[in-house]
Amino acid sequence: MSDFKVFDYMSKYGFEQVVKFYDKTTGLKGITVIHDTTLGPALGGTRLWNYASEDEATLDCLRLARGMTYKAAAAGLNLGGGKSVLIGDADQVKSEAYFRALGRFVQSLNGRYITAEDVNTTTKDLDYVNMETDHVVGLEGKSGNPSPMTAWGAFCGIRASLKHQFGDDDISKYTFAVQGAGQTGYYLIKYLLEHQAKKVYFSEINERHIARLAEEHPEVEFVKPEDYFKLDVDVLSPCALGGSLNDKTIPEIKAKVVAGTANNVLLEEDIHGQMLKDRGILYAPDFVINAGGLINVAHELKGYEKDRAKRDIERIYDRLLEIYKIADKENTHTQEAAKIFATKRMETIALVRSNYIKR
Ligand code: NAD
């Protein structure tokens with residue numbers, strides 16, 4: 001028997017709905033969590049993972065859905081937070097029928113939840129989902145690959161962080177080190193170079209990605225992963241893995257700004273957010289600075305136009321400045337300030353919409 005008490009967890013963090021579904025034809029096993037729909041329908045991708053247990057899958061889905069609520073709220077979107085996870089081996093379970101079965105379960109939620117791609121699901125899989133539901137975004141031929149847009153949002157967020165920390169956001173005056181030159185880091189490096197960054201370093205573990213940069217941009221200097229955090233640069237941009245800011249790495253940091261695309265960079269939000277603050281290092285909260293891809297895909301809901309989506313993503317600059325102001329005023333770390341910012345938006349909009357207006 002499971003020890004995990006789903007209702008206790010739901011009540012502690014204000015979840016609205018947890019749905020489990022099973023398709024007897026394909027063996028599809030999944031969970032959809034809707035955390036909060038104060039601002040609008042819950043949006044979040046579908047992750048396919050070989051979870052060791054149902055509890056592990058449920059907890060992952062709950063955590064991810066809650067993260068989406070903050071992310072959408074802080075991104076100025078009229079969307080709530082949700083997520084789906086499918087339990088299975090991506091190499092074995094995928095088929096047209098499997099994803100059509102998923103689409104039917106998404107449709108059964110009647111628009112309270114909108115799905116998209118995530119780890120181990122692709123736009124091709126979503127095409128099958130789309131055959132059975134109207135509530136799916138991130139389709140082929142619409143908003144396209146989110147990574148360049150995520151990187152563009154991070155670039156704008158880096159400029160805001162420079163403005164706050166040094167009073168000047170001119171990229172050409174600063175040095176940068178990007179951790180991970182994958183889907184997002186690669187584009188971020190390109191944007192930094194296009195804006196004449198004084199110097200760009202990068203660290204990678206994938207030989208193919210190292211070779212790609214060496215060929216395309218030999219001026220970008222490679223540093224070994226173990227030397228990354230010690231680099232004497234102005235900005236560190238983590239664009240690889242989560243948990244990289246921790247007890248070991250934070251004391252090594254010489255940079256005055258940490259701002260990149262990676263999710264869950266702080267190993268423990270409160271401890272490591274505070275540690276960075278105490279060291280005078282400005283940290284751009286992950287779910288705010290990396291929301292470009294989400295903002296981009298959300299634009300599909302109102303008819304996608306690339307320029308409009310890009311302009312919307314650029315508002316990450318002003319949002320971060322506002323969050324940094326809150327952090328200073330409340331004397332708290334920036335990750336906490338970002339949550340205050342997101343929660344305040346949800347509370348205020350809920351109040352504004354509490355009167356009855358006929359539309
Ligand atoms: P990716 O897998 O394409 O790129 C990550 C790169 O980091 C890979 O090339 C990998 O080899 C490299 N890497 C892994 N460990 C490393 C290490 N120790 N040192 C240096 N490099 C290392 O992933 P991505 O899509 O660029 O995403 C990066 C981060 O951004 C993830 O945390 C992801 O959740 C987050 N994110 C991505 C998007 C998006 O649109 N792709 C949106 C929001 C958040």
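Below is a table of values for the structure above.
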item: Residue pairs, from the table Lys142/Lys325; Lys163/Lys254; Lys83/Lys302; Lys124/Lys310, whose Cα atoms sit over 27 Å apart; result: Lys142/Lys325
item: The range 1-31: chymotrypsin sites (Phe, Trp or Tyr not before Pro) in DSSP coil with no more than 14 other Cβ atoms inside 10 Å; result: Phe4
item: Among beta bridges that DSSP assigns inside the chain, antiparallel share in %, nearest 5; result: 30
item: Heavy-atom surface of the range 297-359, accessible at 1.4 Å and reported per residue (Å²); result: 68
item: Segment Gln274-Asp91, length gained on full extension (0.36 nm per residue, minus Cα span); result: 61.8 nm
item: Solvent-accessible area of Tyr324 with every protein chain in place, 1.4 Å probe, in Å² to the nearest 10; result: 0
item: Val93, Val265, reordered so the largest accessible area comes first (probe 1.4 Å); result: Val93, Val265
item: Stretchable slack from Lys173 to Ala211, in nm (0.36 nm times residue separation minus alpha-carbon distance); result: 11.0 nm
item: Estimated inter-spin distance, Ser53 and Thr348, nm [label 7 Å along Cα→Cβ]; result: 4.3
item: Residue-level accessible surface for Ile205, protein heavy atoms, 1.4 Å, Å²; result: 140
item: Residue-averaged [θ]222 nm for the chain, counting only DSSP H segments that reach four residues, each worth -39500 (n - 2.57); result: -13500 deg cm²/dmol
item: The range 1-112 shape via C-alpha gyration tensor axes, a/c threshold 1.5; result: oblate
item: Listed residue pairs exceeding 23 Å between alpha carbons, taken from Lys224/Lys339; Lys5/Lys277; Lys277/Lys329; Lys190/Lys329; Lys224/Lys248; Lys306/Lys358; result: Lys224/Lys339; Lys5/Lys277; Lys190/Lys329; Lys306/Lys358
item: Listed residues Glu305, Glu216, Glu269, most fluctuating in the chain (Gaussian network, C-alpha, under 10 Å); result: Glu216
item: FRET efficiency for Lys306 and Asn263, using Cβ-Cβ distance with R0 set to 25 Å, rounded to 0.05; result: 0.55
item: Size of charge dipole - the chain - debye, nearest 20, with Cβ of Lys, Arg +1 and Asp, Glu -1, no other charges; result: 1140
item: Accessible-area composition of the chain, carbon plus sulfur, in percent [1.4 Å probe]; result: 49
item: ³J(HN,Hα), Karplus 6.51/-1.76/1.60, whole Hz, each residue of the range 311-316, x for Gly, Pro; result: 5, 5, 4, 5, 6, 4
item: Heavy atoms of Ser11 accessible to a 1.4 Å probe, total area in Å² rounded to 10; result: 90
item: Calculated FRET efficiency for the pair Asn355/Asn246, C-beta based, R₀ 41 Å, to 0.05; result: 0.30
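The values are calculated or read from the model by the stated rules, or taken from the named source; none is laboratory data. What you see is a predicted model, and the numbers here were worked out from it, not measured in a lab. Glycine also receives a Cβ, built like all others from the backbone with ideal geometry; neighbour counts cover every protein chain displayed. Calculation scope for accessible area: heavy atoms of the full protein, side chains included, ligands and nucleic acids excluded. Shrake-Rupley method; radii C 1.70, N 1.55, O 1.52, S 1.80 Å.
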